[in-house]
Amino acid sequence: QRVNVTVRSGLPMVLSGSAEPCAQLAVSSIGVVGTAEQNKAHSARFFDVLTAQLGLGPDRIVIRFYPLEPWQIGKNRTVMTFL
């Protein structure tokens, strides 16, 4: 209910100077991705799934974490602060 996923396949991408297949994952969340310790644990799990599902080596994947505040997400005609 609180997870949204967007997949854009077939985009031209270059990672570490190579156009070989790669992936970039952007993760944003309220109160879940705010610290290095949290993101280290999330990163390990995401890499496990992505390498298995996409058949990519971990050197071909980049994950970016974006901590959000409740007032930055609109839902049901308001923001998460009030939900």
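The values are calculated or read from the model by the stated rules, or taken from the named source; none is laboratory data. Values in this document were obtained by computation on a predicted structure and should not be read as measured data. Quick reminder, even Gly has a Cβ in these numbers, built from the backbone with ideal geometry, and neighbours come from all protein chains shown. The area values use the complete protein model at the heavy-atom level, side chains included, leaving out ligands, DNA and RNA. Shrake-Rupley method; radii C 1.70, N 1.55, O 1.52, S 1.80 Å.
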TODO: Any chance you could count how many residues in the stretch 36-69 are touching a strand residue (DSSP E or B) at 6+ places or on another chain (Cβ under 6 Å), open to solvent by 50 Å² or more (accessible area, probe 1.4 Å), in a helix (DSSP H, G or I) and not hydrophobic (A, V, I, L, M, F, W, C)?
DONE: 0
Open item on the list: Condition first: open to solvent by less than 100 Å² (accessible area, probe 1.4 Å) and either under 17 Å from Phe46 (Cα atoms) or among the small types (Gly, Ala, Ser) (or both). Now tell me which residues in the stretch 10-20 satisfy that.
Closed with: Gly10, Gly17, Ser18, Ala19
